[in-house]
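Everything below concerns the one structure shown next.
The values are calculated or read from the model by the stated rules, or taken from the named source; none is laboratory data. Keep in mind the model is a prediction, meaning the values are calculated, not measured. Cβ coordinates were reconstructed from backbone atoms using ideal geometry, including for glycine residues, and neighbour counts include every protein chain displayed.
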Amino acid sequence: MGAEARCTARFRGAAASGTARLETAALQFRGGELRVSILFAAIRNMHVADGVLSVDTPDGDLSLDLGPAAERWMDKIRHPPSRLQKLGVKPEWRVSVIGIDDDSFVQEIAAVAPRLSVGRVVKESDAIFFGANRANDLTRIRRLKPALRQNGALWIVRPKGHAGISERAVMAAGKAAGLVDVKVVSFSATHTAEKFVIPRSKRSPRSR
């Protein structure tokens, strides 16, 4: 989800100042020697008092002094955004999906944006979701760009971890194709999605 805050944390009798972060399915804290990662599914209970978010888990209670943001963080944990909400998919969009072996994702898209093409890129796509599994796949970005609407988005979906494609390689390929990166989200437990768009200065005047 990307929310991040500097705060004081307490966990198992230890206290530290550091950074708390809300990921797609986990609450994390890093500060000094205190490093905590709690899956939302493992949270048994939580509450907010005086700006402190307290989270009860089988491994211990975590308290984060978030101030006015504490209530908002608790609500985000209780109601995490769906994958399509994170990707910003809208019902009126024309969407192309290629190279992504994820039937559940295709079904999610089809239920929200019925103008969907799978396996073939259509012209004037509001969003193209392109699965890249090897560095060589990134050479296709140049050929995908012309199919985008001027204010559309190309999402590159790549494997996480050292076995996948590096972020640096993806950024370089996008830049070489004349695109700029504007957002990164966790696509799934195994894949990351990076959003690229045509720079505003390069768009036709009516679409800026």
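Condition check ((1) closer than 22 Å to Cys7 by Cα; (2) among the basic types (Lys, Arg); (3) without any contact (Cβ under 8 Å) to a residue 60 or more places away in the chain) across all residues:
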{"residue": "Glu33", "(1), (2), (3)": "yes, no, yes"}
{"residue": "Val36", "(1), (2), (3)": "yes, no, yes"}
{"residue": "Pro80", "(1), (2), (3)": "yes, no, no"}
{"residue": "Val89", "(1), (2), (3)": "no, no, yes"}
{"residue": "Val112", "(1), (2), (3)": "no, no, yes"}
{"residue": "Arg120", "(1), (2), (3)": "no, yes, yes"}
{"residue": "Ala127", "(1), (2), (3)": "no, no, yes"}
**Message:** Looking at (1) over 23 Å from Leu144 (Cα atoms); (2) touching a strand residue (DSSP E or B) at 6+ places or on another chain (Cβ under 6 Å); (3) in a loop (DSSP other than H, G, I, E, B); (4) not hydroxyl-bearing (Ser, Thr, Tyr), which one does Arg30 not meet, given that it meets all the others?
**Reply:** (3)
**Message:** Quick check on Val122: is it more than 23 Å from Leu179 (Cβ to Cβ) and of a type outside the set (Lys, Arg)?
**Reply:** no
**Request:** Taking Gly51 as the residue in question, decide whether it is outside the structural domain of Ala193 (by TED's automatic domain parsing) and modelled with pLDDT under 95.
**Result:** no
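Conditions (1) outside the structural domain of Asp102 (by TED's automatic domain parsing); (2) surrounded by fewer than 19 Cβ atoms within 10 Å (Cβ to Cβ); (3) among the aliphatic types (A, V, I, L, M), marked per residue:
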{"residue": "Asp126", "(1), (2), (3)": "no, no, no"}
{"residue": "Arg143", "(1), (2), (3)": "no, yes, no"}
{"residue": "Leu154", "(1), (2), (3)": "no, no, yes"}
{"residue": "Lys202", "(1), (2), (3)": "no, yes, no"}
**Request:** For Ala189, work out the one condition from (1) assigned to a loop (DSSP other than H, G, I, E, B); (2) surrounded by 19 or more Cβ atoms within 10 Å (Cβ to Cβ) it doesn't fulfil.
**Result:** (2)
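Out of all the residues in the range 147-160, is one or more modelled with pLDDT of 90 or more, farther than 21 Å from Glu23 by Cβ and outside any strand (DSSP E or B)?
Kept after step one, since they are modelled with pLDDT of 90 or more, are these residues of the range 147-160: 147-159.
Those still in the list that are farther than 21 Å from Glu23 by Cβ too: 147-154.
Those still in the list that are outside any strand (DSSP E or B) too: 147.
Scanning the range 147-160 turns up at least one residue that is modelled with pLDDT of 90 or more, farther than 21 Å from Glu23 by Cβ and outside any strand (DSSP E or B).
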**Request:** Could you look through the range 161-172, keep only residues that are in a helix (DSSP H, G or I) and loosely packed, with under 14 Cβ neighbours inside 10 Å, and pick out the one that is modelled with the highest pLDDT?
**Result:** Ala172
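Considering only the range 133-142, I want to know if a residue exists there that is assigned to a loop (DSSP other than H, G, I, E, B) and either closer than 22 Å to Val170 by Cβ or in contact with an Asp or Glu (Cβ under 6 Å, 6 or more places away or on another chain) (or both). Please lay out each step first, then the result.
Quick first cut of the range 133-142, residues assigned to a loop (DSSP other than H, G, I, E, B) only: 133-134.
Adding the requirement that they be either closer than 22 Å to Val170 by Cβ or in contact with an Asp or Glu (Cβ under 6 Å, 6 or more places away or on another chain) (or both) leaves 133-134.
Among the residues of the range 133-142, at least one is assigned to a loop (DSSP other than H, G, I, E, B) and either closer than 22 Å to Val170 by Cβ or in contact with an Asp or Glu (Cβ under 6 Å, 6 or more places away or on another chain) (or both), which makes the answer yes.
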**Item:** Candidates Lys183, Lys175, filtered to the one that is in the same structural domain as Ser96 (by TED's automatic domain parsing), assigned to a helix (DSSP H, G or I) and within 20 Å of Asp126 (Cα to Cα)
**Value:** Lys175
**Request:** From Ile100, Ile77, grab the single residue that is outside any helix (DSSP H, G or I) and either among the acidic types (Asp, Glu) or under 19 Å from the mean Cα position of the chain (by Cα) (or both).
**Result:** Ile100
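Conditions tested, residue by residue: (1) surrounded by fewer than 14 Cβ atoms within 10 Å (Cβ to Cβ); (2) out of contact with any His (no Cβ under 9 Å at 6 or more places or on another chain); (3) assigned to a strand (DSSP E or B).
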position: Ala5; (1), (2), (3): no, yes, yes
position: Thr8; (1), (2), (3): no, yes, yes
position: Ser17; (1), (2), (3): yes, yes, yes
position: Ile38; (1), (2), (3): no, yes, yes
position: Ala41; (1), (2), (3): yes, yes, no
position: Leu62; (1), (2), (3): no, yes, yes
position: Trp73; (1), (2), (3): no, yes, no
